[in-house]
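Student: Here you go, one structure.
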Amino acid sequence: MAVKIAPSILSADFVNLERELGRIANADLVHVDVMDNHFVPNLTLGLPVVERIAQVSPVPLDVHLMIDDADRWAPAFARAGAASVTFHAEATQAPVRLARELRELGVRAGVALRPASPVEPFLDLLPELDMVLVMTVEPGFGGQAFIEGMLAKIRRTRDAITAAGTGTWLQVDGGISQSTIARVAQAGADVFVAGSAVYGADDPAAQIEALRAAAST
Ligand code: DX5
Ligand code: ZN
């Protein structure tokens, strides 16, 4: 299981995005948080900005949609140049249809779960999914504290992925830092989003390597 580090540009300087992307060129993915002020009480960036980020980023885009009506909007983010598009389970009517549509557009399809949403309904759908995102904070803001109770959900998800043999990536997002990443990795996550931990560091690239090392022990 290769560890992947995905810095979230939510904690970057939004007026200097191209420069901020250059500071994380050693990352595996760049995590782009799209919020609509309805699904979550915060508003970030939309399609035109994602399109431009995709054009200049040295790292593939991992788009995390925290928006209502994902069935309608997610394919447009695939067309905008994302490598993966993750929609929320709570914001889709037809997760399998949407995942298939995303795959047909040539991107990896992910489903995200708020902390209170059970993963069990999705375990039979793993062959349809390239990634499951277990949120380890309530979505909406960077800099929140990791919810320890999510470790059990991560373990159950990892066990199901191993049993299914699908190779589905297991992503975690929220409160990931040098003090939490090792036990999250031990619970079975393999893709780690980190916003404030990376962009709050003096040297984001060095912080990425430190997180990678801590997740690999
Ligand atoms: C929160 C976003 C996260 C956020 C994580 O809703 O989905 O991606 O940027 O920030 P940190 O790593 O600071 O918890
Ligand atoms: Zn996110």
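Taken together, the values in this text are just the output of simple stated rules run on the coordinates, not laboratory data. Values in this document were obtained by computation on a predicted structure and should not be read as measured data. No Cβ is skipped: glycine too gets one built from the backbone with ideal geometry, and neighbour counts run over all protein chains shown.
Student: Which is surrounded by fewer than 19 Cβ atoms within 10 Å (Cβ to Cβ) and acidic (Asp, Glu), of ASP71, ASP33, ASP62? First the steps, then the outcome.
Tutor: Values: ASP33 fails: surrounded by fewer than 19 Cβ atoms within 10 Å (Cβ to Cβ); ASP62 fails: surrounded by fewer than 19 Cβ atoms within 10 Å (Cβ to Cβ).
Exactly one of ASP71, ASP33, ASP62 is surrounded by fewer than 19 Cβ atoms within 10 Å (Cβ to Cβ) and acidic (Asp, Glu), namely ASP71.
Student: Something else about it: What are the residues in the range 96-121 that are surrounded by 20 or more Cβ atoms within 10 Å (Cβ to Cβ) and either part of a helix (DSSP H, G or I) or out of contact with any helix residue (DSSP H, G or I) (no Cβ under 7 Å at 6 or more places or on another chain) (or both), if any? Break it down stepwise before answering.
Tutor: Looking only at the range 96-121, we keep the residues that are surrounded by 20 or more Cβ atoms within 10 Å (Cβ to Cβ), and these are 98-99, 102, 107-113.
Correct list: LEU98, ALA99, LEU102, ARG108, GLY110.
Student: Same structure again: Could you list all residues from the range 21-62 that are charged (D, E, K, R), out of contact with any Ser or Thr (no Cβ under 9 Å at 6 or more places or on another chain) and within 16 Å of ligand 1 (Cβ to nearest atom)?
Tutor: ARG23, ASP28
Student: Separate question: Taking the residues in the range 122-160 that are surrounded by fewer than 15 Cβ atoms within 10 Å (Cβ to Cβ) and not in a helix (DSSP H, G or I) as candidates, determine which candidate is farthest from ligand 1 (Cβ to nearest atom).
Tutor: Here the residue is ASP124.
Student: For a quick check of your reading: which strands (runs of 3 or more DSSP E) sit entirely within the range 1-66 and have at least 1 residues that are touching a helix residue (DSSP H, G or I) at 6+ places or on another chain (Cβ under 9 Å) and farther than 19 Å from ALA80 by Cα?
Tutor: 4-7
Student: Among the residues of the range 163-192, which ones are farther than 16 Å from ALA214 by Cα and free of Cβ contacts under 8 Å to residues at least 12 places away in the same chain?
Tutor: Correct list: ALA163, GLY165, GLY167.
Residues are listed down the side, and each one gets a yes or a no for (1) among the aliphatic types (A, V, I, L, M); (2) more than 26 Å from PRO95 (Cα to Cα); (3) more than 14 Å from ligand 2 (Cβ to nearest atom):
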{"site": "PHE14", "(1), (2), (3)": "no, yes, yes"}
{"site": "LEU17", "(1), (2), (3)": "yes, yes, yes"}
{"site": "ASN26", "(1), (2), (3)": "no, yes, yes"}
{"site": "ASP33", "(1), (2), (3)": "no, no, no"}
{"site": "LEU43", "(1), (2), (3)": "yes, no, yes"}
{"site": "PRO48", "(1), (2), (3)": "no, no, yes"}
{"site": "VAL59", "(1), (2), (3)": "yes, yes, yes"}
{"site": "VAL63", "(1), (2), (3)": "yes, no, no"}
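Student: Hey, could you check the range 161-207 for residues that are part of a helix (DSSP H, G or I) and over 19 Å from LEU133 (Cβ atoms) and say which is nearest to ligand 1 (Cβ to nearest atom)?
Tutor: The extreme case among them is TYR199.
Student: Would you point out which residue out of LEU10, LEU65 is within 23 Å of GLY200 (Cβ to Cβ) and within 16 Å of ligand 1 (Cβ to nearest atom)?
Tutor: On the way: LEU65 fails: within 23 Å of GLY200 (Cβ to Cβ).
Result of the check over LEU10, LEU65: LEU10.
Student: Just name the residue that is surrounded by the fewest Cβ atoms within 10 Å (Cβ to Cβ) out of those in the range 162-217 that are of a type in the set (Asp, Glu) and under 20 Å from ARG108 (Cβ atoms). Talk me through it step by step, then tell me what you get.
Tutor: Taking the range 162-217 first, the residues of a type in the set (Asp, Glu) are 173, 190, 202-203, 209.
Now restrict to residues that are under 20 Å from ARG108 (Cβ atoms): 173, 190.
Details: ASP173: 26, ASP190: 20.
Filtering first and then ranking leaves ASP190.
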